[in-house]
Amino acid sequence: YTRAEVARHRTPADRVWVTHGTEVFDVTDFVELHPGGPDKLLLAAGGPLEPFWALYAVHGQPHVLELLREYKVGELSPEDAAPPPGDAADPFAGDPPRHPALRVNSLKPFNAEPPPELLTQSFLTPNELFFTRNHLPVPAVEPGSYRLRVEGPGGRSLSLSLAELRGRFPKHEVTATLQCAGNRRAEMSRVRPVKGLAWDIGAISTARWGGARLRDVLLHAGFGEHPPGEGEWHVCFEGLDADASGTPYGASIPFDRALSAEAEVLLAYEMNGRELPRDHGFPVRVVVPGVVGARSVKWLRSVAVSPAESPSHWQQNDYKGFCPSVDWDSVDFRAAPAIQELPVQSAITEPRPGAAVPAGELTVKGYAWSGGGREVVRVDVSLDGGRTWRAAELAGERPERGRGWAWTLWELRAPVAAGARLDIVCKAVDRSYNVQPDTVGPIWNL
C-alpha cells in the first residue's frame with residue numbers, strides 16, 4: 001500500500017489503519033480495547049505509530065509488537081517509504097520535522113498545538129508536543145560559531161559563545177508555563193471574528209528550563225544598576241529569525257524584571273533536561289516566567305539595555321488588548337500598553353465538546369494558570385452552564401508564594417445521570433483573588 005492509501009483509513013467507518021516500520025495494520029477492532037483509550041490510538045490513524053509510541057515507553061515491550069502483528073494487512077510500497085525531497089527555493093524548506101499529533105494552525109510559518117487530550121497527560125509537556133509559535137522560518141544555527149551580543153548605554157558590550165554562556169555562569173533551572181497571547185482565539189471568533197491564528201486551548205505548555213540567569217549575564221556585562229534618567233528602562237531581545245528584508249523578530253521586558261533575582265528570567269539552552277529543540281529556540285532562547293510567550297524570544301542573537309521598549313512590530317503593534325467596542329477601523333495601538341503578565345485562566349481538556357459520556361461518574365480534567373507568579377488557589381467547575389458550582393481537586397506541589405510560574409492541573413469527579421446533557425464551564429482563581437470570567441463576550445477584543 002502507498003502512504004496515501006493508508007491515510008484514507010482514519011475513522012472506524014473507513015477502518016483505522018496505521019503503519020509501523022514498513023508494515024501496515026488494520027487496528028479498527030482494537031480501537032475500543034486500547035488501554036490508553038480510543039482517542040489516543042485514533043491520533044495515529046492513517047499514519048505511523050512510531051512518533052506516538054515514543055511518547056509512552058510501555059509500547060517498547062515485546063508483547064505490544066506481538067499484539068500489533070495480529071492486525072497486519074500488508075506492507076508499504078518500497079518506493080513510498082522514503083520522504084519526499086525538500087524544496088531548496090522554499091525559505092521554510094529547512095524547518096525541522098514535527099510530531100504528527102500536533103494540530104497545525106499554520107504550516108508556513110509553522111504554528112501548532114497539542115491535542116487537548118494529550119495536553120494534560122503529564123505536568124511537563126514533552127518537547128515533541130510543546131506548542132510551537134513561529135513568526136518566520138526556523139534559522140539553522142551552527143553552535144560552534146554562535147555568539148550572543150549584550151550591549152547597553154555607555155558603549156559597553158559583551159560577546160558570548162555558547163560554551164562561555166554555559167561555562168561562565170551558574171546553571172539555573174525553573175519550571176515555567178509559556179502561553180501564546182492568542183491562546184483560545186477561536187473561542188473569541190465564535191463571539192465575533194478575530195484576526196490571527198485560530199488557536200484552540202493548546203497554545204500553552206510547560207517545561208523545565210535550564211540556562212544562565214539573565215540577571216547574571218547583565219551583571220557580568222556591567223549593567224547592575226538602573227541606568228540614570230527618568231522613566232522605565234527596558235531590556236530588548238532580537239532573534240536570529242528574520243523576514244525577507246532581514247528584519248528580525250524582537251521584543252522587550254522592563255529592566256527591573258530582567259535584573260530581578262525573584263523573576264528568574266533565563267537565557268535557556270535546555271528544555272526538559274535536553275538540548276533546546278530547533279523549533280523552540282536552539283541554541284539559546286529567553287524564558288520570561290509569568291509573562292506572555294511573545295517576550296520569550298527564540299534563537300536569541302542580542303540583548304540590549306535601552307531607555308525605550310523594543311521598536312519591533314510585535315512589541316508596538318501586536319500583543320495588546322482593547323475595549324470590546326474597538327475594531328480594526330478605530331484601533332490605536334499607541335493607546336494600549338504591551339502585554340507582559342497575563343491574566344488568570346483555566347480550560348477543560350477532557351471531555352471534549354460534543355463528546356458522549358457514559359452515565360455514572362464523569363471525570364473532568366483541565367489546566368489553570370495565572371501570570372506574574374500568582375499561583376492558582378482554586379478552580380470552580382459547573383456541569384450546568386454556571387448555575388451551580390463545585391471546587392475541583394488541584395494536583396501537584398504548591399509553589400513558593402509569588403513563584404507560581406507553572407500551571408496547575410485539576411480534576412473533578414461528579415455523578416452523571418443517564419440521558420443528561422451537560423454544559424461544562426470552569427473558572428480559576430489566583431492567589432490575588434483574580435477570577436477568570438466564565439464567558440467570553442465581555443472580554444472580546446480584536
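The values are calculated or read from the model by the stated rules, or taken from the named source; none is laboratory data. Computed from a prediction, not measured in an experiment: that's the story for all the values here. Counting neighbours? That spans all protein chains shown, and the Cβs are built from the backbone with ideal geometry, glycine included. Calculation scope for accessible area: heavy atoms of the full protein, side chains included, ligands and nucleic acids excluded. Shrake-Rupley method; radii C 1.70, N 1.55, O 1.52, S 1.80 Å.
Annotations
- Accessible surface of ILE443, taken over heavy atoms with a 1.4 Å probe and every protein chain present, rounds to 80 Å².
- When the chain is described by a simple charge dipole with +1 on each Lys and Arg Cβ and -1 on each Asp and Glu Cβ, the residue from PRO97, ALA420, PRO337 located farthest towards its positive end is PRO337.
- Among beta bridges that DSSP assigns inside the chain, antiparallel share in %, nearest 5: 95
- ARG103 long-range amide H proximity, modeled H, under 5 Å: GLU113
- Charge sum, other residues only, whose C-beta stays under 12 Å from VAL194's C-beta, Lys/Arg counted +1 and Asp/Glu -1: +3
- Other residues lying with their Cβ under 9 Å from the Cβ of ALA203 contribute a combined charge of +1, Lys and Arg counting +1, Asp and Glu -1.
- Expressed in units of 2.2 N^0.38 Å, where N is the residue count, the Cα radius of gyration of the stretch 103-317 is 1.01.
- Computed accessible area, ILE201, all protein chains, 1.4 angstrom probe, square angstrom: 10
- The alpha carbons of the chain occupy a box of 72, 58, 46 Å along the principal axes, longest dimension given first.
- Binning the alpha carbon pair distances of the stretch 214-285 at 10 angstrom intervals from zero yields the distribution 17, 40, 33, 10, 0, expressed in whole percent.
- DSSP bridge pairs, the stretch 303-446: antiparallel proportion in percent, nearest 5: 95
- The chain, helix-only ellipticity at 222 nm - DSSP H runs n ≥ 4, -39,500 (n - 2.57), divided by all residues, nearest 500: -2500 deg cm²/dmol
- Surface accessible to a 1.4 Å probe, CYS426 within the full protein complex, Å²: 10
- Going by accessible surface with a 1.4 Å probe and the largest first, LEU240, LEU107, LEU267 read LEU107, LEU240, LEU267.
- Scattering curve values for the stretch 344-443, log₁₀ I(q)/I(0), Debye with Cα scatterers, q = 0.10, 0.19, 0.20, 0.24 Å⁻¹: -0.28, -0.89, -0.96, -1.26
- The listed residues THR2, THR132 rank as THR2, THR132 when sorted by accessible area, largest first, using a 1.4 Å probe.
- Violating pairs (Cα-Cα greater than 26 angstrom) within the set LYS72/LYS365; LYS40/LYS365; LYS108/LYS365; LYS195/LYS298; LYS298/LYS320; LYS108/LYS171: LYS72/LYS365; LYS108/LYS365; LYS108/LYS171
- For the stretch 226-304, relative contact order (Cα pairs under 8 Å, six or more residues apart, normalised by length) works out to 33 percent.
- Taking all Cα pairs closer than 8 Å and separated by 6 or more residues, the relative contact order of the stretch 3-75 comes to 35 percent.
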